[in-house]
Amino acid sequence: MEGEIRMSNVLLIGTHWGDEGKGKIVDVLSENAQGCVRFQGGHNAGHTLVINDVKTILHLIPSGILRNNVKSIIGNGVVISLEALQTEIKDLMKNKISVENKLFISQSCHVILPTHVALDIAREKSLGKSSIGTTGRGIGPTYEDKVARRGIRIIDFFDTNILKKKLSISMEYHNFLLKKYYHADTLSIDDTFDKLLPIFENIKHHVCDVVPLILDLNKNSNIIFEGAQGTMLDIDHGTYPYVTSSNTTLSGFISGTGIGVDKAHYSLGITKAYSTRVGHGPFPSELHDQLGLDIAKWGGEVGATTGRARRCGWLDLKILKQSIELNRINGIALTKLDVLDNLEKIKICIDYDPINYENFKASNIQYIEMDGWMTSTVGITNFNDLPNNAKEYISTIEKISGTKVVMISTGPSRHQIIILEDIFKHQ
Ligand code: IMP
């Protein structure tokens, strides 16, 4: 229609096991967006951003918070630790970043209780060798309670009588499990109430019904929907049971925001130039040798949340193809290309037999091998300046995945990026 302003939204999804570098891409895109929405996960996520040499790690608050022009919104699908939220707000303030009038939290978010954390840790301990390798943040038990209809939502904190009642029901059950089943310490319901309520009082002005806010904002603003973790950690479509407890894929965007799928105009897959995984579970293209350790060192592959070393391997294109289907991905942002600068030979994993769920191993793993570029790509902003072998690597990914690479990240900072397409032009 003539004269009509048409706004465009981008959905960002990690195509593998998380840690693809979504935070940086959100930061780059948010220059042209006015809203940034998270829709699942909790403070198990870790988004590292480097702006003017200052490093900020965000776990819960959307990465758009670093821009003054952006409203950061936490959708109903996210589980919230009030303590972690408070710490993150304080840390941002230390870096002179205010959240006032910029941070909005859905009243329907479920709250992570200290007993959820205790249960997460006790369960992992009891699983021994077959533990999931969770972040120990209470994510799984909180989502369990949500589905079991005994969860506590932020909205419950507005009425202390309701809160007291719900806290008792929930924590008595948790304490029973902790004591009788896991032989672990229990936690005081009164202490929890006394600890969480003042934190809520400090942040309650951020809590609202975010759906009308998102819809209203979208009348004249671009919005980024920021996924956490990655496709292979999706509770339904990932490498179950070595997954997180939410839908990290397109379906999580729908249920975790309350707005329609038609609002995701462009789905951007965030793919690291090699693959990594933190925690346990199958990883067919994993490198078990010194090269895996070298890539981890060059790429700084240490978990932003837990400080655990990430497992590294060759880029898995079989998974990328699955991700593209599952998330209706329109284009790929390829991150950390520069980490491969030193390699003489680079492999890409293209196929393997279905993963054996007895031993979680894949067999008949097939690779293609290419010559590396052996020169620095750090900070390159123009595609034509890339070495030919790097261009070849990118075009091989495009050919096999059938999807265009639209952004290439060549370093941790905001400006170290090649942008090949204005993705906000899509509707
Ligand atoms: P949980 O989400 O803490 O329950 O952990 C379940 C699995 O997801 C574990 O393997 C974690 O290492 C992994 N995980 C959770 N959050 C992230 C993330 O942000 N990046 C990468 N892996 C994650």
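A few points about this structure:
- Sole residue being more than 21 Å from Val28 (Cα to Cα), crowded, with 19+ Cβ neighbours inside 10 Å and either within 16 Å of the ligand (Cβ to nearest atom) or not β-branched (Val, Ile, Thr) (or both), chosen from Ser267, Ser245: Ser245
- Residue check, Ala122 of a type in the set (Gly, Ala, Ser), over 19 Å from the mean Cα position of the chain (by Cα) and at pLDDT 95 or above: yes
- Complete set of residues in region 88-114 that are more than 16 Å from the ligand (Cβ to nearest atom), within 19 Å of the chain's Cα centre (by Cα) and not hydrophobic (A, V, I, L, M, F, W, C): Ser106
- Any strands (runs of 3 or more DSSP E) falling wholly within region 30-104 and containing at least 1 residues that are at pLDDT below 90: 47-51, 54-58
- Taken together, Ile355, Ile350, Ile295 contain a single residue that is farther than 25 Å from Leu29 by Cβ, in contact with a Leu (Cβ under 6 Å, 6 or more places away or on another chain) and away from the ligand (no atom under 14 Å from the Cβ), which is Ile350.
- The residue that is surrounded by the fewest Cβ atoms within 10 Å (Cβ to Cβ), counting only those in region 255-264 that are away from the ligand (no atom under 16 Å from the Cβ) and either at pLDDT 95 or above or among the charged types (D, E, K, R) (or both), is Asp262.
- Residue within region 52-74 that is crowded, with 22+ Cβ neighbours inside 10 Å, in contact (Cβ under 8 Å) with a residue 24 or more places away in the chain and farther than 29 Å from Arg308 by Cα present: yes
- Exclusive hit being of a type in the set (Ser, Thr, Tyr), closer than 25 Å to Lys297 by Cα and over 26 Å from the mean Cα position of the chain (by Cα), set Ser413, Ser409, Ser376, Ser363: Ser376
- Residues in region 265-296 that are at pLDDT 95 or above, among the aliphatic types (A, V, I, L, M) and closer than 30 Å to Ser108 by Cβ: Leu268, Ile270.
- Residue in region 258-274 that is among the hydroxyl-bearing types (Ser, Thr, Tyr) and part of a loop (DSSP other than H, G, I, E, B) present: yes
- Any hit, region 115-126, residues being within 16 Å of the ligand (Cβ to nearest atom) and in contact with a strand residue (DSSP E or B) (Cβ under 6 Å, 6 or more places away or on another chain): no
- From the list Thr306, Thr276, the lone residue that is surrounded by fewer than 23 Cβ atoms within 10 Å (Cβ to Cβ) and of a type in the set (Ser, Thr, Tyr) is Thr306.
- The sole residue among Ala304, Ala309 that is within 16 Å of the ligand (Cβ to nearest atom), within 18 Å of the chain's Cα centre (by Cα), over 18 Å from Ile394 (Cβ atoms) and in contact (Cβ under 8 Å) with a residue 60 or more places away in the chain is Ala304.
- Reported count of residues in region 220-255, each being closer than 12 Å to Gly41 by Cα and hydroxyl-bearing (Ser, Thr, Tyr), is 5.
The values are calculated or read from the model by the stated rules, or taken from the named source; none is laboratory data. A quick note: this is a predicted structure, and the numbers were derived from the prediction, not measured. With ideal geometry, Cβ positions are generated from the backbone for all residues, glycine too; neighbour counts draw on all protein chains shown.
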